[in-house]
Amino acid sequence: MSCGERKESTNAEKIVKVMSNVITEPTEAETKPSDQQIDSFFMGYEKEYNDALASGKVNVYGIADYFAGCFIESNPQGVLCGKNDKEFKHTIKQGYAFYKSIGTVSMKILDKETVALNNERSMVTVHWQTKVKKKDASEVSLEFEVIYLLQIIHDELKIFAYLAEDEQKI
């Protein structure tokens, strides 16, 4: 063993020792999303939807806050990579305008199934019911599922991916 190799090993050991004192492994209790956190997250998300549909005023910042800084959408048309930026907020407004234009009155979570993927991430399958008012004033209920991938980021749950059905066919 040469002196240079031993010195690198010693430096590496020092770095590991310093880092182990600075970085502690989070405990499961600190990071794993609880059922209560997930329930609260989706109750708020559902409320944002319904408030926007009822009032016609979309809280784009509130809705965008449910998403990570960047995220993935997968639907039958393909996969999209999104960034939580000004353009995304504009897209949120357009989305709600579309829902209103087709007569969407409300969105309701009928049930959800949560699978913990690891300490920081969960997969939540949400079974939604939407009520749509047709042009003849009759209401129709439609049901669909969206799979959300959530992660705790800075102590908050965020959507970092979602898999949606074809809304146009529903």
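Quick rundown of the values:
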read-out	value
Enumerated helices (runs of 4 or more DSSP H) restricted to the range 26-85, each holding at least 1 residues that are aromatic (Phe, Trp, Tyr) and open to solvent by 80 Å² or more (accessible area, probe 1.4 Å)	60-64
Residue within the range 39-62 that is closer than 30 Å to Ile92 by Cα, modelled with pLDDT under 90 and not hydrophobic (A, V, I, L, M, F, W, C) present	yes
Count of residues meeting criterion [out of contact with any Asp or Glu (no Cβ under 9 Å at 6 or more places or on another chain) and more than 17 Å from Phe160 (Cα to Cα)] in the range 63-86	1
Of residues in the range 97-116 being of a type in the set (Gly, Ala, Ser) and part of a strand (DSSP E or B), the one least open to solvent (accessible area, probe 1.4 Å)	Ser106
Asn119, sole failed condition from (1) within 19 Å of the chain's Cα centre (by Cα); (2) assigned to a strand (DSSP E or B); (3) farther than 20 Å from Glu48 by Cβ	(2)
Single unsatisfied condition, Glu120 versus (1) among the charged types (D, E, K, R); (2) open to solvent by less than 50 Å² (accessible area, probe 1.4 Å); (3) in contact (Cβ under 8 Å) with a residue 40 or more places away in the chain; (4) in contact with a helix residue (DSSP H, G or I) (Cβ under 6 Å, 6 or more places away or on another chain)	(2)
Residue under evaluation Lys89, criteria (1) closer than 23 Å to Asp39 by Cβ; (2) in a helix (DSSP H, G or I), criterion not met	(1)
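The values are calculated or read from the model by the stated rules, or taken from the named source; none is laboratory data. Keep in mind that what you see is a predicted model, and the values were worked out from it rather than measured. Neighbour counts run over all protein chains shown; Cβ positions are idealised from the backbone, glycine included. Areas reflect the complete protein model, heavy atoms only, side chains present, ligands, DNA and RNA absent. Shrake-Rupley method; radii C 1.70, N 1.55, O 1.52, S 1.80 Å.
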